[in-house]
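The values are calculated or read from the model by the stated rules, or taken from the named source; none is laboratory data. Note that the structure is predicted; figures quoted are calculated from it, not measured. For neighbour counting, all protein chains shown are included, and Cβ atoms are generated from backbone atoms with ideal geometry for every residue, glycine included. Calculation scope for accessible area: heavy atoms of the full protein, side chains included, ligands and nucleic acids excluded. Shrake-Rupley method; radii C 1.70, N 1.55, O 1.52, S 1.80 Å.
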Amino acid sequence: MKKNYKKQIILSTAVIFLTFSLLFSFTSCLSKSTEEIETFEVTRGDIVQTVTTSGYVDSSQQKNYSLQASGEVLKVLQKGDLFKKGDIIVEIDNSRTKLLVEQAEDNLNIAKVSIELAKISYQQALDSNHVAIQLADENAKLSEQATQNAMVALDNAKRYLSAVKQHSEIPSYQKEQASSNVDAAEGAYSQASISQSITYWSNLSSIENASSQMKITAENIRQAEYQLALSEISLELAKLDLDNNIIYAPFDGVVLSSTFSEGEYGSPGINAASIISSDFVIKADINETDIAKLSTGAEVEITLDAYPGDTFTGSIVEISPISQNLAGIVSFEVTVKPEESDSCTLLYGLSANLTITTSKTENILYIPIESVYEEGGRSYVYTLTEDGEIEEVAVTTGIYNYDYIEIKKGLSKGDIIITSSNIEDIKSSGKGGGILRKFTG
């Protein structure tokens, strides 16, 4: 009786052990079969196409200044100094320039006096010319009248001599007297003619001298006017140099570099200071294969290596039209304007990572891009039915990114598609063998 009881216990134990062994083996096989299948439930949502790149924080403006005049440096900001718009960046001693301004002002006053004197001289020459013309006219009339009188006297003397010669009773001494009178009249006429000629040439000379003097004084006026204009220019240039002794900040910012120290002698020709605006932007290079996808105004997600836990946004404000070639790689520089951020403080030169949105489609059906197959010009996916059967379904696709692709036709929300990479092995088994993991995006 005891032996039979022991046999029953041993037999029962063996059956239980065998049952657990078979159950464990079946569970392991089932688990192995189902773990080979990965699925995704067709989801409705948004697909965003992006371009990623890295860049750095830069200033929106940079100015390099050199001194425009020489002198002792009275004040200068140093590298790293902050400033506001209108603050003095560099100031040099302008004592010499002030003296030059005073000298230019004196020269200008002298030029003004010179032009007034030249105008007075011109008026005097003008009056002298008028008087010379009037005197010449009067002298010409007098000399002409004297010549006419001498001619009349000569004619009278000749007629008298002729009359005397016709009367024999007139004494010879009277005839000789009449002949002498003719000779005297001829001499007087000759002298009057010579005097008239001398008067003519004298008048001509006086008029020409007066005219020449008038031209000379007119030219003096023009020279005085030129000198006045030059003096005015010299004064303006001197005043410009007076203003050039100070460099004012055109915006809020920080000093990038500074050459001089206070007390040194500064002179033109070298860079005195470089400044940047505190209005920061982010610059990055975009490969030529992606540049056509970008446009100004595009949204940008920004992270900084200095603030790994923070993300802020911005937008593209400029795309350079000029490419750059580095080791055969062609790229274009883009400038991103970040929005205000309370969590991040932008510092010049910080490294930045950019994710640029190139396009966005909202409220569409999408699935993982690796689950779509293409063959013979058609696209298709593998779905898993409620019975665990695998079906091939043709689909029409749309926009896509690195992770997902739009489904325009062929699937509905909630459909289960297979994303496993070993789909051929799964198909050869005839069934999916159940669903282990279900991805819902």
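Quick rundown of the values:
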quantity: Positions within the stretch 220-269 being closer than 30 Å to ASP58 by Cβ, hydroxyl-bearing (Ser, Thr, Tyr) and either under 29 Å from the mean Cα position of the chain (by Cα) or part of a helix (DSSP H, G or I) (or both), in sequence order; calculated: TYR248, SER257, SER258, THR259
quantity: The stretch 116-145, residues that are among the small types (Gly, Ala, Ser) and either open to solvent by less than 50 Å² (accessible area, probe 1.4 Å) or closer than 30 Å to LEU235 by Cα (or both); calculated: ALA118, SER121, ALA125, ALA132, ALA136, ALA140, SER143
quantity: Conditions (1) in contact with a helix residue (DSSP H, G or I) (Cβ under 8 Å, 6 or more places away or on another chain); (2) part of a strand (DSSP E or B); number of the one not met by GLU72; calculated: (1)
quantity: Cross-chain or 6+ apart pairs with Cβ under 9 Å, the stretch 212-240 first and under 21 Å from ALA104 (Cα atoms), then open to solvent by 40 Å² or more (accessible area, probe 1.4 Å) and not in a helix (DSSP H, G or I); calculated: LEU240/GLN68
quantity: Verdict on THR289 being under 15 Å from VAL57 (Cα atoms), at pLDDT below 95 and over 20 Å from the mean Cα position of the chain (by Cα); calculated: no
quantity: Matching residues in the stretch 265-286 - criterion: being open to solvent by 60 Å² or more (accessible area, probe 1.4 Å) and under 16 Å from VAL336 (Cα atoms); calculated: SER278, ASP279, ASP285
quantity: Residue in the stretch 101-124 that is touching a residue at least 24 places away in the same chain (Cβ under 8 Å), in contact with a Lys or Arg (Cβ under 9 Å, 6 or more places away or on another chain) and not β-branched (Val, Ile, Thr) present; calculated: yes
quantity: Segments classed as strands (runs of 3 or more DSSP E), wholly inside the stretch 373-416, with at least 3 members that are over 56 Å from the mean Cα position of the chain (by Cα); calculated: 378-384, 390-400
quantity: Residue count, the stretch 333-353 (criterion: assigned to a loop (DSSP other than H, G, I, E, B) and open to solvent by less than 60 Å² (accessible area, probe 1.4 Å)); calculated: 5
quantity: Residues of the stretch 293-312 satisfying the condition of being among the small types (Gly, Ala, Ser) and surrounded by fewer than 16 Cβ atoms within 10 Å (Cβ to Cβ); calculated: SER295, GLY297, ALA306, GLY309
quantity: So GLN49, is it within 36 Å of the chain's Cα centre (by Cα), outside any helix (DSSP H, G or I) and surrounded by 13 or more Cβ atoms within 10 Å (Cβ to Cβ); calculated: yes
quantity: Test set (1) modelled with pLDDT of 85 or more; (2) open to solvent by 60 Å² or more (accessible area, probe 1.4 Å) - ALA229 fails condition number; calculated: (2)
quantity: Residues of the stretch 88-115 classified as acidic (Asp, Glu) and surrounded by 14 or more Cβ atoms within 10 Å (Cβ to Cβ), total; calculated: 3
quantity: Among residues of the stretch 284-312, those that are closer than 29 Å to ILE399 by Cβ and either part of a strand (DSSP E or B) or of a type in the set (Ser, Thr, Tyr) (or both), counted; calculated: 14
quantity: Residues that are part of a strand (DSSP E or B), at pLDDT 90 or above and open to solvent by 60 Å² or more (accessible area, probe 1.4 Å), drawn from the stretch 354-372; calculated: GLU362, ASN363
quantity: Failed item in (1) touching a residue at least 60 places away in the same chain (Cβ under 8 Å); (2) surrounded by 11 or more Cβ atoms within 10 Å (Cβ to Cβ); (3) over 14 Å from TYR65 (Cα atoms); (4) hydroxyl-bearing (Ser, Thr, Tyr), with SER257 passing the rest; calculated: (3)
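Conditions tested, residue by residue: (1) closer than 30 Å to GLN145 by Cα; (2) at pLDDT 80 or above; (3) not aliphatic (A, V, I, L, M).
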residue	(1), (2), (3)
ILE170	no, no, no
ALA178	yes, no, no
ALA192	yes, yes, no
SER195	yes, yes, yes
LEU204	yes, yes, no
GLN223	no, yes, yes
